[in-house]
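To start, the structure itself, in structure tokens.
The values are calculated or read from the model by the stated rules, or taken from the named source; none is laboratory data. In this text, all values refer to a predicted model and were calculated from it rather than measured experimentally. Here Cβ is always computed from backbone atoms with ideal geometry, including for glycine, and neighbour counts include all displayed protein chains. Only protein heavy atoms, including side chains, enter the accessible area calculation; ligands, DNA and RNA are left aside. Shrake-Rupley method; radii C 1.70, N 1.55, O 1.52, S 1.80 Å.
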Amino acid sequence: MNRTCWQLVATVLMLITPSVIGTSLHLPQPLWDIPSSTAPSALYPEWAHSHWVWLSSDQSTEASVRDFVKGFQDHNITVGAIDIDSKWSTGINNFIWDPKKFPTAKQLIADMHKMDIRVILWTTSMINNDSPNYIEGKNKSYYLNDGKQIHWWHGHGSFIDYSNKDALDWWHKQMDKVIDMGIDGWKCDGTDPFVFELLPYAYGKHGYISQRQYANSYYRDFFYYTRSKNPDALIMARPVDGFDIYKDFEPIYWDFAPRDVVFSGWVGDDDPDFEGLRSALISIFRSAWANYVNFGSDIGGYRTGPGKLGRTKELFIRWAQLGAMTPLMEVLENYFLHAC
């Protein structure tokens, strides 16, 4: 889909979804189709407000994770959770550790727990066409729109169909491979808006499904299923984030995960400059206005700019000050340690 078409479709669907499309849908799972305000209350553990750190996928290995955590400890900075970014597995969302990057993953989790550090893994509801588990799901009709593939930032893939109980059982058995190792949750990245590209509409085993309903299904399933096995589990997900769809206009702000499962939110990927800081702060305010309870941003920004640190030391200081005053303080990569 070209940019102009995407802009038009996104604008129209943002206006009518779920108020029009969603009203005619009745999925069998009750959590998927009810307002966040009436969803079951889920008390959350204290580590949701601890200091979280993560390395990007191009740097993340078992050895680098250990060194990264040690760097904070050497500076007397407490770490409460480590997020292991995408490409930790042998295929996108097949839930099998890459033995070259993480040869003793179970021991890594145990060692982090001994230091009172929780471990979460990056994920989405998209299975890539080159992932070892893709063909099985395709052959069994476990994906939305008969397995139509969408191009996204990690390749081409299909969406798991949450309205298909057999698909969900298959999905959970794969998740169990790492849940049973003792992980503490997931970073659920924001692929759910790509459902808009399943034109003219998205559908699963039980018929039409709106983008809002699919997003609710995605985030709630990762949260509640993992909690059924680990009562202190959390997911990290976007509360409110902005899309720069139209040049020279303010971003369009979008609620990603439903409020009843976001107890550790980050407001998306921002530029490593003061405009990026401003963007993060606006999304933080909008998340608060939308009644989300816990959120923060990547200190210093997610993207990288020129220079050794990819951003100025002044920006780090100002962003760290902001991070210290938000409910979740989150640091990306070694930039922060180099700036100390």
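Overview of values
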quantity	calculated
The range 312-329 - residue that is in a loop (DSSP other than H, G, I, E, B) and either modelled with pLDDT of 90 or more or among the acidic types (Asp, Glu) (or both) and, of those, farthest from Glu46 (Cα to Cα)	Met325
Filter pass, Ile96 being farther than 29 Å from Ile209 by Cα and touching a residue at least 40 places away in the same chain (Cβ under 8 Å)	yes
Residues satisfying the stated conditions in the range 276-310, i.e. closer than 20 Å to Trp52 by Cα and part of a loop (DSSP other than H, G, I, E, B)	Tyr292, Val293, Asn294, Ser297, Gly300, Gly301, Tyr302, Arg303, Thr304, Leu309
All strands (runs of 3 or more DSSP E) inside the range 64-164 with 3 or more residues being open to solvent by less than 40 Å² (accessible area, probe 1.4 Å) and farther than 22 Å from Ala233 by Cα	155-159
Scope the range 105-154; condition polar (S, T, N, Q), in contact (Cβ under 8 Å) with a residue 12 or more places away in the chain and farther than 30 Å from Thr78 by Cα; matching residues	Ser125, Asn128, Asn129, Ser131, Asn133, Ser141, Asn145, Gln149
Of all residues in the range 223-280 being under 29 Å from Gln174 (Cβ atoms), polar (S, T, N, Q) and more than 18 Å from the chain's Cα centre (by Cα), the one that is surrounded by the most Cβ atoms within 10 Å (Cβ to Cβ)	Asn230
Members of the range 245-283 that are free of Cβ contacts under 8 Å to residues at least 12 places away in the same chain and either within 24 Å of Thr312 (Cα to Cα) or touching a Cys at 6+ places or on another chain (Cβ under 6 Å) (or both)	Glu275, Arg278
